[in-house]
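Just passing along the structure, written as structure tokens.
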Amino acid sequence: MMANKNVIIISNSSPKIGYFARTTTQGPEYEMVKKYVKHLISKYSKLKSKKAAIFIEPQLDSGYPDLVIIEYRNLPDTEWISVRDTLNTTDFKILFFIQTHSHLIFDEIIETLGFSHETTLKSLQKLKSSGLIRYNEKSKKINHIKLSLISRINKIIAIEAKIDKWSEAIRQANNNIWFSTESYVLMNKETCSKSIMESCESTGTGVILINGEIKKVLSSDVRAFPVSYASLQFNEWLLKFLRNGEKNDDFRTKD
């Protein structure tokens, strides 16, 4: 079963858009992931108001989550500015800080984030040129731009899949909270023990079981987008993927 117009599968690195992923390892865990991806394709194929991009083992500062599912709306009807292709991690950290404040002055960014004057100035100039912030170089005042004008993401759902080693899966799912609006453990079980449920509930992590009927037995806590600068990186990867006409990955699942 292949992805369709409502679902994008991104399973390989794409240096052209600055995105890198780990090469997947064949085995029972990988087969479980493929089964869940097939379920997701079927789910989103039936929806009219939602689209999804599924990232397979994306490379993040904290590691490689097994799956990251992006729910998004149609692309913003704005012209793409080429300087936006040059944004780096530092730029996204500064952009996230600006997005979480209604207005700032130049020195507040330096004092809070610890970047040098030169680095901060260069980043603000790039973000302004990209149309992602408003920055008055004379007054040093900075204002964010409405998020809906620069992003179309509704949710970022992280999935950690494990055949066993539940404590490790829960630990990794908890790590994924730093960038995702929802974080889940995907387990090859028909039922979930009380201890696992309590452990996940204590950290705000959800649980999905895939042995037999695929079912969510514990909902994740929900956080507002963007959760961190990495949330904004996913937005850029998605926009670049779509705007550059990247080929949908041939991530085949068993029918």
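The values are calculated or read from the model by the stated rules, or taken from the named source; none is laboratory data. Values in this document were obtained by computation on a predicted structure and should not be read as measured data. Cβ coordinates were reconstructed from backbone atoms using ideal geometry, including for glycine residues, and neighbour counts include every protein chain displayed.
Would you check which residues across the range 71-115 are of a type in the set (A, V, I, L, M) and closer than 15 Å to S228 by Cα and list them? Before the answer, list the steps.
Kept after step one, since they are of a type in the set (A, V, I, L, M), are these residues of the range 71-115: 75, 81, 83, 87, 94-95, 98, 104-105, 109-110, 113.
If the condition is that a residue be of a type in the set (A, V, I, L, M) and closer than 15 Å to S228 by Cα, then I94, L95, I98, L113 are the ones that fit.
Shifting gears a bit: Which condition does K146 not pass, out of (1) within 13 Å of the chain's Cα centre (by Cα); (2) farther than 19 Å from D66 by Cβ, if it passes all the others?
It fails just one condition, (1).
Within the set of pairs 6 or more residues apart or between chains, which connect a residue that is over 12 Å from D66 (Cβ atoms) and at pLDDT 90 or above inside the range 26-38 to a residue that is aliphatic (A, V, I, L, M) and assigned to a loop (DSSP other than H, G, I, E, B) with Cβ atoms less than 7 Å apart?
Partner pairs satisfying both residue conditions: K35/I210; K38/M1.
Moving on to the next point. Within the bounds of the range 145-167, is there any residue that is touching a helix residue (DSSP H, G or I) at 6+ places or on another chain (Cβ under 8 Å), surrounded by 16 or more Cβ atoms within 10 Å (Cβ to Cβ) and over 30 Å from K34 (Cβ atoms)?
Yes, the range 145-167 contains a residue that is touching a helix residue (DSSP H, G or I) at 6+ places or on another chain (Cβ under 8 Å), surrounded by 16 or more Cβ atoms within 10 Å (Cβ to Cβ) and over 30 Å from K34 (Cβ atoms).
Mind checking which residues of the range 52-73 are β-branched (V, I, T) and under 13 Å from N235 (Cα atoms)? Write out each step before concluding.
First, the residues of the range 52-73 that are β-branched (V, I, T): 54, 56, 68-70.
The answer is I54, V68, I69, I70.
Enumerate the strands (runs of 3 or more DSSP E) found wholly within the range 123-175, keeping only those where 1 or more residues are under 17 Å from Y229 (Cα atoms) and in contact with a Phe, Trp or Tyr (Cβ under 6 Å, 6 or more places away or on another chain). Steps first, answer last, please.
On the way: elements: 133-136, 141-144, 153-162.
Once the strands (runs of 3 or more DSSP E) in the range 123-175 are filtered for at least 1 residues that are under 17 Å from Y229 (Cα atoms) and in contact with a Phe, Trp or Tyr (Cβ under 6 Å, 6 or more places away or on another chain), what remains is 153-162.
Only residues that are without any contact (Cβ under 8 Å) to a residue 40 or more places away in the chain and under 12 Å from L67 (Cβ atoms): list them for the range 1-25, please.
T24
Condition first: under 14 Å from Y36 (Cβ atoms) and surrounded by 18 or more Cβ atoms within 10 Å (Cβ to Cβ). Now tell me which residues in the range 190-226 satisfy that. So that I can check it myself, show each step before the final result.
Taking the range 190-226 as the starting set, the residues that turn out to be under 14 Å from Y36 (Cβ atoms) are 206-216.
Across the range 190-226, the qualifying residues are G206, V207, I208, L209, I210.
Just to check your reading of the model, which residue among N188, N175 is closer than 20 Å to S62 by Cβ and either at pLDDT below 95 or not assigned by TED's automatic domain parsing to the domain that holds F96 (or both)?
Working: N188 fails: closer than 20 Å to S62 by Cβ.
On inspection, the qualifying residue turns out to be N175.
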